[in-house]
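The values are calculated or read from the model by the stated rules, or taken from the named source; none is laboratory data. Predicted model, so just to flag it, every value in this text is computed and none were measured. Methodologically, a virtual Cβ is constructed for each residue, glycine included, from the backbone with ideal geometry; neighbour enumeration extends over all protein chains shown. Just the protein is used for accessible areas: all its heavy atoms, side chains included, with ligands, DNA and RNA removed. Shrake-Rupley method; radii C 1.70, N 1.55, O 1.52, S 1.80 Å.
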Amino acid sequence: MKTALITGITGQDGSYLAEYLLHQGYEVHGIIRRASTFNTRRINHIYRDPHVKNGERLYLHYGDMGATGVLGDIIYDTKPDEVYHLAAQSHVKVSFEMPEYTGDTTGLGTARMLEAVHRVKKEIKFYQASTSELFGAAKPPQSEDTPFYPRSPYAAAKLYAYWMVVNYREAYDMFATNGILFNHESPRRGETFVTRKITRALASIRAGKQDKLYLGNLDSKRDWGYAPEYVEAMHLLMQQDKPDDYVLGTGESHSIREFLDEAFGYVDLDWHKYVEIDPRYFRPTEVNYLLADPAKANKQLGWEPKVKFHELVRIMVDADSELFNLSHPGEGKRIIDEKFNGWHQWKDQSVSMEL
């Protein structure tokens, strides 16, 4: 039985990855931060999954990306075959307000993990969650050969982390790989990220609990995919004979305005009646257009996303509608049933809306 260690296991990607690896027969360990409130809601349902046998293959450890000694101890004690490093301060807007914390957690946190892995056992495979924000203002489409042009403290911290992975790979012959993932969303996306902010607000508006949705730049274009497919790709990267860096995306780009069209139009509402622009949501430096060129991953890994933009929007709208006990067209679950083999829940089962 293989053993995996996931940092950021309580986040969107971490929770899906834990599910996927458990269904692949792994023993899974996760690092979580100590907090005064429960922060494990995205993975609580795993303990009820019969594939996991009441959670006996899932173990959680308290740690923090700033605690070098603790990270080393966890890696030494668990001795994983694979480390998936997903933890970060990952909100771009917040990174402008907390640049030092973002650099320490997102950038130096990766260096601490790499050094701990190197010191414990060089043979441990290491996955780094890189990001399309590395490209920033670079001309689309963006591939592995596109020069980086970060436009936020978050992106700059991720750029440091990216090159540290390359450095450790070349300096110590480690299996260390960067997955340069373009935007990937799901019903488990945090409510402050624009896609989930939209679908959650849409449900709240339909339920009569909210009047307006305030957003920033509606013309920003992103390559949006479905998160569970991207964690499958993370695992696939780690099964290759040699480590390398890969761009992962759909090869399609859509604006926030188009997301609003799809989401509100799906339930026959006109978003223009509910959306207002708030200057507070504009970034000091905007990233206007991200579009993946995933040709390398398509060719070398055989990975291509099955869920496209309009299907992603339907999945998220249906899931948030159910949180508010609203009727919905029902295409979301049908899409998941048709395109996936049932290893993940199509919606966030652990959340109930008390409104």
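Can you list residues whose amide H is under 5 Å from Leu213's amide H, if they're 5+ apart or on another chain and H is modeled 1.01 Å from N?
Long-range HN contacts for Leu213: Val275, Glu276.
Which of the lysines could be linked to Lys306 by a straight reach, that is with a Cα gap under 21 Å, when you skip same-chain ones fewer than 8 residues away?
Of all the lysines, those that pass the test against Lys306 - Cα under 21 Å, at least 8 places apart if same chain - are Lys221, Lys296, Lys333, Lys339, Lys347.
Report, by chain and number, residues whose modeled amide H sits under 5 Å from the one on Lys221, excluding near sequence neighbours (fewer than 5 apart, same chain).
Under 5 Å from the amide H of Lys221 lie the amide H atoms of Tyr289, Leu290, each far enough along the sequence or on another chain.
If I compute solvent accessible area with a 1.4 Å probe over the protein chains, what percent of it on the chain is carbon and sulfur?
Ligands and nucleic acids excluded, carbon and sulfur give 47 percent.
Rank Asp81, Asp145, Asp173 by accessible area, highest first, at a 1.4 Å probe radius?
So the residues, ranked largest to smallest area, are Asp145, Asp173, Asp81.
Could you give me the ³J(HN,Hα) list for segment 254-259, computed from phi with Karplus coefficients 6.51, -1.76, 1.60 and θ = phi - 60°, whole Hz, x at Gly and Pro?
Ordered by residue, 3J(HN,Hα) equals 9, 7, 4, 4, 5, 4 Hz.
Rounded to whole Hz and in sequence order, give me ³J(HN,Hα) for segment 321-337 from the Karplus expression 6.51 cos²θ - 1.76 cosθ + 1.60, θ = phi - 60°, writing x for Gly and Pro.
For segment 321-337, the Karplus curve yields 4, 5, 4, 9, 6, 9, 6, 7, x, x, 6, x, 5, 4, 4, 5, 4 Hz.
Can you list residues from other chains, or at least 5 along the same chain, whose modelled amide H is less than 5 Å from the amide H of Leu5?
Amide H to amide H, under 5 Å and 5 or more residues apart or across chains, Leu5 pairs with His29, Glu82, Val83, Tyr84.
Please sort by residue number the trypsin sites (Lys or Arg not before Pro) in segment 186-235 whose DSSP state is loop and whose Cβ has at most 12 other Cβ atoms within 10 Å.
Within segment 186-235, the qualifying trypsin sites (Lys or Arg not before Pro) (loop, at most 12 other Cβ atoms within 10 Å) are Lys209, Lys212.
Given a 1.4 Å probe, how much area per residue of the chain is accessible, in Å²?
Counting only protein heavy atoms, the per-residue value for the chain is 43 Å².
Each residue of segment 247-252 in turn: what ³J(HN,Hα) in whole Hz from Karplus with 6.51, -1.76, 1.60 and θ = phi - 60°, glycine and Pro shown as x?
7, 10, x, 8, x, 10
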